[in-house]
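For reference, the structure discussed in these notes is given below.
The values are calculated or read from the model by the stated rules, or taken from the named source; none is laboratory data. Since the model is a prediction, treat every value here as computed from it, not as a measurement. Neighbour counts run over all protein chains shown; Cβ positions are idealised from the backbone, glycine included. These area figures cover heavy atoms from the full protein model, side chains too; ligands, DNA and RNA do not enter into them. Shrake-Rupley method; radii C 1.70, N 1.55, O 1.52, S 1.80 Å.
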Amino acid sequence: MSNLHTELFKRYKHNPILSASDWPYPVNSIFNAGVVKLKSGNTLLLCRVEDRTGLSHFCKAESENGIENWVIDKIPTMISEPEKHPEEIWGIEDPRITYVPELDSFAVVYTAFSRDGPGVALALTKDFIDFERFGIIMPPDDKDAALFPMRINGNWAMIHRPVSGARANIWISYSPDLKNWGNHTLLLMARKGAWWDANKIGLSPPLIKTDAGWLMIYHGVRTTCAGCIYRLGLALFDLENPEICLMRGTEWFFAPEEVYEQRGDVGNVVFPCGYTIDDDGDTINVYYGAADTCIAMATGSIKEMLEWLKTHS
Ligand code: BMA
């Protein structure tokens, strides 16, 4: 479907790229994957997999071109460990992955579904086989979190989305050791009223570092009589002080339009948790959960996203 708006993300024509029928073991749905480009050049997706208990775990899929011929783990890659980590009693969801050069490790920040609701948990891994769990680092209700790849003014920094009352805004917090978090600061507020991003917003994939600043793709949740619509918007933050918002788009730029995005376990959801950037430093391949059922891919240009922000903020 096309309209007169600028199309910043072009969907891969054979979307979805991964769904339950591709899985080597029985599952209900595959969606919301964390993404990294490995040193080998391969793309690794750490997929959220929901089985027929309704609980989620992670399973990795690796591909040379990031589109097809996925090699999928035969068994779950990372499962909840409620004996050691009671906060994971109802599963683990929505991983966001950041490579952290200082630690020579990937930081996987994910939702731990606890008895008290969703909280933010962290694990470090070098190989996506062994995971060093740090446990819950933000208590419930909190989710949609990702780590910055480097320290900001000496501290680790993380974006997350606590919920208070009916409103859910995006916050930034800091830590000297990845365990103790403080200096909690409100970063981006949900709009109000009829806006597409009224009342509830959240970080989608980890921030994108550009020369102009940290580029954020965030989701806005519009509540309607027919249910929620998850759409995507853009904001830009200062490189040195990410608490300064330089620009924020007025309109959404990507929304559920295709059948696989509009129909599924939870219809009208596009939910990216990761991306890869090509060697040109500009082409971005965004992997998103579609309707909480499958994984789709869309490609854009970081330069064009920044240009769009200038005329739409
Ligand atoms: C959000 C998250 C996502 C999910 C989305 C739509 O709150 O829980 O995992 O994709 O809702 O159901």
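Select from segment 254-264 the residues that are touching a strand residue (DSSP E or B) at 6+ places or on another chain (Cβ under 6 Å) and in a loop (DSSP other than H, G, I, E, B) and write down the one among them that is nearest to the ligand (Cβ to nearest atom).
Taking segment 254-264 as the starting set, the residues that turn out to be touching a strand residue (DSSP E or B) at 6+ places or on another chain (Cβ under 6 Å) are 254-256, 260-261.
Now restrict to residues that are in a loop (DSSP other than H, G, I, E, B): 255-256.
Working: ALA255: 14, PRO256: 11 Å.
Checking each candidate, the answer is PRO256.
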Can you tell me which residue in segment 9-23 is surrounded by the fewest Cβ atoms within 10 Å (Cβ to Cβ), limited to those that are within 16 Å of the ligand (Cβ to nearest atom) and part of a loop (DSSP other than H, G, I, E, B)? SER19
Could you figure out which of (1) closer than 16 Å to ARG48 by Cβ; (2) open to solvent by 30 Å² or more (accessible area, probe 1.4 Å); (3) not polar (S, T, N, Q) isn't true of VAL109? (2)
May I ask you to say which residue of THR311, THR283, THR299 is in contact with a helix residue (DSSP H, G or I) (Cβ under 9 Å, 6 or more places away or on another chain), of a type in the set (Ser, Thr, Tyr) and open to solvent by 20 Å² or more (accessible area, probe 1.4 Å)? THR283
Picked from segment 166-198 (must be in a strand (DSSP E or B) and hydrophobic (A, V, I, L, M, F, W, C)), the residue nearest to SER105 (Cα to Cα) is ILE172
Qualifying positions in segment 195-218 - within 16 Å of the ligand (Cβ to nearest atom), in contact with a Phe, Trp or Tyr (Cβ under 6 Å, 6 or more places away or on another chain) and without any contact (Cβ under 8 Å) to a residue 60 or more places away in the chain: TRP196, ILE201
Working only within segment 215-253, note down all residues that are under 24 Å from TRP156 (Cα atoms), assigned to a loop (DSSP other than H, G, I, E, B) and open to solvent by 50 Å² or more (accessible area, probe 1.4 Å). LEU239, GLU240, ASN241, GLU243, ILE244
Criterion (within 16 Å of the ligand (Cβ to nearest atom), over 18 Å from the mean Cα position of the chain (by Cα) and either surrounded by fewer than 18 Cβ atoms within 10 Å (Cβ to Cβ) or over 15 Å from ILE159 (Cα atoms) (or both)) met by exactly one of GLY117, GLY91: GLY117
Wholly within segment 27-79, strands (runs of 3 or more DSSP E) carrying at least 1 residues that are over 18 Å from the mean Cα position of the chain (by Cα): 56-63
Residues of segment 126-150 satisfying the condition of being closer than 24 Å to MET189 by Cα, in a loop (DSSP other than H, G, I, E, B) and open to solvent by 10 Å² or more (accessible area, probe 1.4 Å): PRO139, PRO140, ASP141, PRO149
For segment 51-80, name all the residues that are touching an Asp or Glu at 6+ places or on another chain (Cβ under 9 Å) and among the β-branched types (Val, Ile, Thr). VAL71, ILE72, ILE79
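For segment 154-170, enumerate the residues that are surrounded by fewer than 19 Cβ atoms within 10 Å (Cβ to Cβ) and modelled with pLDDT of 95 or more.
Applying the first criterion (surrounded by fewer than 19 Cβ atoms within 10 Å (Cβ to Cβ)) to segment 154-170 yields 154-155, 163-167, 169.
Hits for segment 154-170 are GLY154, ASN155, VAL163, ASN169.
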Considering segment 267-287 alone, what residues qualify as being in contact (Cβ under 8 Å) with a residue 60 or more places away in the chain and either within 13 Å of the ligand (Cβ to nearest atom) or within 18 Å of LEU46 (Cβ to Cβ) (or both)? PHE271, PRO272, CYS273, GLY274, TYR275, THR276, ILE277, ASN285, VAL286, TYR287
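For (1) in contact (Cβ under 8 Å) with a residue 60 or more places away in the chain; (2) charged (D, E, K, R), each residue gets a yes or a no:
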position: LYS74; (1), (2): no, yes
position: SER80; (1), (2): no, no
position: GLU83; (1), (2): no, yes
position: GLU93; (1), (2): yes, yes
position: ILE97; (1), (2): yes, no
position: LEU103; (1), (2): no, no
Which pairs turn up if I take residues in segment 24-51 that are open to solvent by 30 Å² or more (accessible area, probe 1.4 Å) and look for partners that are part of a strand (DSSP E or B) with beta carbon separation below 6 Å, at least 6 apart in sequence or on another chain? PRO24/ILE72; ASN28/GLU50; LYS37/THR43; LYS37/THR276; LEU38/LEU44; ASN42/GLU62; GLU50/SER29; GLU50/SER56
